[in-house]
Amino acid sequence: MKNKYELIYEGKAKKVFSHEDVDKVIIEFKDDATAFNSLKKARFEGKGKLNCQISAKIFELLINSNIPTHFLELKNENTMIAKKIRVIPLEIVLRNIAYGSLCKQTTIKLGSTLAKPLIDIYLKNDELNDPLITKDRIELLNIVSAKDLDSIIGLTLEINRILQKFFKNIKLQLVDFKLEFGYDLKNNLLLGDEISPDNCRLWDLNQKNDIIVSLDKDRFRNDLGGLIEAYSEINRRINDFI
Ligand code: UDP
């Protein structure tokens, strides 16, 4: 993007630029992909555009269900305008089905449906490898108040209800996802970051014989190939439905 806008922050999959309005930012979605805390890296032409479009549609869906989010509008194919937020350094993971790190760290069987959604909270800190964190440690470190942590958990459960229903309609199983929250300049708690196949596990429900077909970043994590095809399929199903 042209240097009319100042680069405020560059993450693994996104760049954040200043906006002429102090309470807004411009978020550019990159084609870069990382996994296993950046041990694995690759570039997928068109991924940024797809994640930007998918995220925008999902944020709109959530906003229509009264979930407060940072999303304001799409700027172009791979950039969106969002409210400027102070990101809370927590990664809130909600799981409906046991997969990924839950199965590496416990004896739960891979692919088992959980009796109720499980929320795992991680400290967002690359140097520490994003460790799992407890409520008491969050309080100890003064990361967020107990009241706001309760609001974050309540919002995450509500977002899961909305997304599970939505994805089921387009024949996708929402296995798990990761959210990030923050405060805008008026200290309102908002959902931030992105919601895309980079941070959701989505399985194709159009498969027979219970075969797992991942249409998400597991295609890159597990060297399955066809990442852009999978993300394009999700984008296509969303656009056909909305
Ligand atoms: N996730 C994410 N960023 C992370 C870690 C996890 O977006 O740094 C997402 C991931 O895509 C999945 C969910 O959170 O949808 C649960 O991931 P898990 O803890 O199983 O970790 P992983 O299998 O990626 O090691």
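The values are calculated or read from the model by the stated rules, or taken from the named source; none is laboratory data. For clarity, every value in this text was computed on a predicted model and none was experimentally measured. Cβ coordinates were reconstructed from backbone atoms using ideal geometry, including for glycine residues, and neighbour counts include every protein chain displayed. These area figures cover heavy atoms from the full protein model, side chains too; ligands, DNA and RNA do not enter into them. Shrake-Rupley method; radii C 1.70, N 1.55, O 1.52, S 1.80 Å.
Checking residue 222 against (1) away from the ligand (no atom under 14 Å from the Cβ); (2) surrounded by fewer than 15 Cβ atoms within 10 Å (Cβ to Cβ), which test does it fail?
(1)
Got at least one residue in segment 157-166 being more than 16 Å from the ligand (Cβ to nearest atom), touching a residue at least 12 places away in the same chain (Cβ under 8 Å), surrounded by fewer than 19 Cβ atoms within 10 Å (Cβ to Cβ) and under 23 Å from residue 71 (Cβ atoms)?
Yes, segment 157-166 contains a residue that is more than 16 Å from the ligand (Cβ to nearest atom), touching a residue at least 12 places away in the same chain (Cβ under 8 Å), surrounded by fewer than 19 Cβ atoms within 10 Å (Cβ to Cβ) and under 23 Å from residue 71 (Cβ atoms).
Scan segment 94-120 for residues that are out of contact with any Leu (no Cβ under 8 Å at 6 or more places or on another chain), among the hydroxyl-bearing types (Ser, Thr, Tyr) and near the ligand (Cβ under 9 Å from one of its atoms) and jot them down.
Result: 101, single match.
Condition check ((1) surrounded by 21 or more Cβ atoms within 10 Å (Cβ to Cβ); (2) outside any strand (DSSP E or B); (3) over 18 Å from the mean Cα position of the chain (by Cα)) across all residues:
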{"residue": "12", "(1), (2), (3)": "no, yes, no"}
{"residue": "27", "(1), (2), (3)": "yes, no, no"}
{"residue": "58", "(1), (2), (3)": "yes, yes, no"}
{"residue": "72", "(1), (2), (3)": "no, no, no"}
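The rows are residues; the columns are (1) closer than 30 Å to residue 210 by Cα; (2) at pLDDT below 95; (3) part of a strand (DSSP E or B).
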{"site": "94", "(1), (2), (3)": "yes, no, yes"}
{"site": "99", "(1), (2), (3)": "yes, no, no"}
{"site": "103", "(1), (2), (3)": "yes, no, no"}
{"site": "117", "(1), (2), (3)": "yes, no, yes"}
{"site": "121", "(1), (2), (3)": "yes, no, yes"}
{"site": "143", "(1), (2), (3)": "no, no, no"}
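What pairs come out if I take residues in segment 186-211 that are within 9 Å of the ligand (Cβ to nearest atom) and pair them with residues that are assigned to a loop (DSSP other than H, G, I, E, B) and acidic (Asp, Glu) whose C-beta lies under 7 Å away, six or more apart or interchain?
From residues that are within 9 Å of the ligand (Cβ to nearest atom), the pairs are 193/180; 197/216; 200/216; 201/216; 202/216.
Take the residues in segment 172-190 that are farther than 15 Å from residue 154 by Cβ and among the aromatic types (Phe, Trp, Tyr), then tell me which one is surrounded by the most Cβ atoms within 10 Å (Cβ to Cβ).
Across segment 172-190, the extreme among qualifying residues is 177.
So if I check each of 123, 128, which one is within 16 Å of the ligand (Cβ to nearest atom), over 20 Å from residue 67 (Cα atoms) and surrounded by 12 or more Cβ atoms within 10 Å (Cβ to Cβ)?
123
Residue check, residue 138 against (1) within 20 Å of residue 38 (Cα to Cα); (2) surrounded by 18 or more Cβ atoms within 10 Å (Cβ to Cβ); (3) not basic (Lys, Arg), all met but one. Which one?
Just one mismatch for residue 138, condition (1).
Select from segment 29-47 the residues that are within 16 Å of the ligand (Cβ to nearest atom) and of a type in the set (Gly, Ala, Ser) and write down the one among them that is surrounded by the most Cβ atoms within 10 Å (Cβ to Cβ).
Filtering first and then ranking leaves 33.
What are the residues in segment 74-107 that are open to solvent by 60 Å² or more (accessible area, probe 1.4 Å) and farther than 20 Å from residue 5 by Cα, if any? Let's see the steps before the verdict.
Filtering segment 74-107 down to residues open to solvent by 60 Å² or more (accessible area, probe 1.4 Å) leaves 74-77, 83-84, 86-87, 104-107.
Scanning segment 74-107 gives 87, 104, 105, 106, 107.
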